[in-house]
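Here's the structure we're looking at; comments come further down.
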Amino acid sequence: MSAPRDQHFLVDKRAVERIAGFVDVSGRRVLEIGPGEGVLTRALLDRGAHVSAVEIDPALVEELELAFADEIEEGRLEIVLGDAKKVDIPPFDIVVANLPYSVSSKITFRLLAIGFEVAVLMYQKEFAQRMVAPPGTPNVGRLSVMVQTYASVKPLLELSPSSFRPRPRVRSWVVRLTPHEPPYPIADRKGYADVVRVLFSHRRKTVRKGLRSGKDTFAPEAIERAIADLPDDLLQRRPEDLTLEEFALIANMLAGC
């Protein structure tokens, strides 16, 4: 079977076994996104998981339905044809997936919004490095702040291009995401996400200038009130130098809390 554009099938059997074994999936509802040819699907089923696999390619879905006809009939596997960014996803407890790299961010944010116990996810290495980047480092950005606010991230495995067919031009990381409550009170989660987005959209500007550039998102009077109340040393810094607590402080000020 040939791979659709931008899809790279994992063919390293040892890597498949390790990925499927990072979390105990026996008897659990597992979501897999982008099952491709089903090698990881098979490994999860062999470990006793009940799998819901979301695949966007109709040709691959047809192949999977033939290859896993028995498991589908037994109710151990459900295959959903659709785009994981927006399709209705069956209930799940755990996520184990080789995410399509071009939509990794959108799918990750959607999964965090839905909620899960733990996820073992494969990303492009550079993307995963941004996820774990601490404040004050070159890689920190919107992704780092949003993911670390709602989950802990632990790298588990690095894979070379030779682990895939066709070979990608990048290396890959497998990471474990474990959701947690935000470390600091957040009055309005949407408002918090808006603050992070606006400030990193103007990451070369100071926080003061970045907030004033967000008048299409926040009421001008709320911006000026927050600027008047926030410490001057915070306002003079850039977003990559802020801590999670300081992002929460800014968002709560804008929310009037």
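The values are calculated or read from the model by the stated rules, or taken from the named source; none is laboratory data. Computed from a predicted model, the values in this text were never measured in an experiment. Glycine also receives a Cβ, built like all others from the backbone with ideal geometry; neighbour counts cover every protein chain displayed.
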Residue check, F116 against (1) part of a loop (DSSP other than H, G, I, E, B); (2) surrounded by fewer than 17 Cβ atoms within 10 Å (Cβ to Cβ), all met but one. Which one?
(2)
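Of all the residues that make up region 208-246, how many are in a helix (DSSP H, G or I) and of a type in the set (F, W, Y)? Don't jump to the end; show me each part of the working.
First, the residues of region 208-246 that are in a helix (DSSP H, G or I): 208-212, 220-229, 232-235, 239-241, 244-246.
Next, from what is left, pick out any that are of a type in the set (F, W, Y): none.
Total meeting the criteria: 0.
Given the options A3, A20, A69, A59, name the one that is of a type in the set (G, A, S) and at pLDDT below 95.
Numbers: A20 fails: at pLDDT below 95; A69 fails: at pLDDT below 95; A59 fails: at pLDDT below 95.
Of A3, A20, A69, A59, the one residue that is of a type in the set (G, A, S) and at pLDDT below 95 is A3.
With the requirement that a residue be in contact with a strand residue (DSSP E or B) (Cβ under 8 Å, 6 or more places away or on another chain) and closer than 15 Å to D93 by Cα, what does region 23-36 give you? Reasoning before the result, please.
The first filter runs over region 23-36 and keeps only residues in contact with a strand residue (DSSP E or B) (Cβ under 8 Å, 6 or more places away or on another chain), leaving 23, 25, 27-36.
Selection gives V23, V25, G27, R28, R29, V30, L31, E32, I33.
Looking at region 124-137, is at least one residue among the small types (G, A, S), touching a helix residue (DSSP H, G or I) at 6+ places or on another chain (Cβ under 6 Å), modelled with pLDDT of 95 or more and in a helix (DSSP H, G or I)? Give the steps one after another, and end with the answer.
Initially, region 124-137 is screened for residues among the small types (G, A, S), giving 128, 133, 136.
When the remaining residues are screened for being touching a helix residue (DSSP H, G or I) at 6+ places or on another chain (Cβ under 6 Å), the result is 133, 136.
Next cut, modelled with pLDDT of 95 or more only: 133.
Subset that is in a helix (DSSP H, G or I): none.
Scanning region 124-137, I find no residue that is among the small types (G, A, S), touching a helix residue (DSSP H, G or I) at 6+ places or on another chain (Cβ under 6 Å), modelled with pLDDT of 95 or more and in a helix (DSSP H, G or I), so the answer is no.
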What are the residue pairs meeting all of these: first residue in region 154-170, first residue more than 22 Å from A133 (Cβ to Cβ) and hydroxyl-bearing (S, T, Y), second residue at pLDDT 95 or above and assigned to a helix (DSSP H, G or I), Cβ atoms under 7 Å, and 6 or more apart or on different chains?
S163/A15
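Being in a helix (DSSP H, G or I) and of a type in the set (K, R) is the filter here; which residues of region 148-207 pass it?
Step one: of region 148-207, the residues in a helix (DSSP H, G or I) are 148-150, 161-163, 189-201, 207.
R189, K190, R197 - these are the residues of region 148-207 that are in a helix (DSSP H, G or I) and of a type in the set (K, R).
Determine, yes or no, whether E55 is more than 28 Å from L157 (Cα to Cα) and either acidic (D, E) or not assigned by TED's automatic domain parsing to the domain that holds L121 (or both). Reasoning before the result, please.
Working: more than 28 Å from L157 (Cα to Cα): no; either acidic (D, E) or not assigned by TED's automatic domain parsing to the domain that holds L121 (or both): yes.
When the stated conditions are applied, E55 does not pass them.
Regarding Y101, is this residue of a type outside the set (K, R), in contact with a Leu (Cβ under 9 Å, 6 or more places away or on another chain) and outside the structural domain of K205 (by TED's automatic domain parsing)? Show your work before the answer.
Details: of a type outside the set (K, R): yes; in contact with a Leu (Cβ under 9 Å, 6 or more places away or on another chain): no; outside the structural domain of K205 (by TED's automatic domain parsing): yes.
Taking the combined requirement at face value, the residue does not satisfy it.
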Number of the condition not met by S172 [criteria: (1) hydroxyl-bearing (S, T, Y); (2) modelled with pLDDT of 95 or more; (3) over 30 Å from R14 (Cβ atoms)]:
(3)
With a cut-off of at least 1 residues that are of a type outside the set (G, A, S) and under 19 Å from the mean Cα position of the chain (by Cα), name the strands (runs of 3 or more DSSP E) lying wholly within region 1-98.
29-33, 50-55, 94-98
Can you find a residue in region 157-168 that is aliphatic (A, V, I, L, M), under 18 Å from the mean Cα position of the chain (by Cα) and either assigned by TED's automatic domain parsing to the domain that holds A226 or buried (at least 21 other Cβ atoms within 10 Å of the Cβ) (or both)?
no
Surrounded by fewer than 24 Cβ atoms within 10 Å (Cβ to Cβ) and either outside the structural domain of A15 (by TED's automatic domain parsing) or over 25 Å from R110 (Cα atoms) (or both): which single residue out of L66, L60, L45 fits that description?
L66
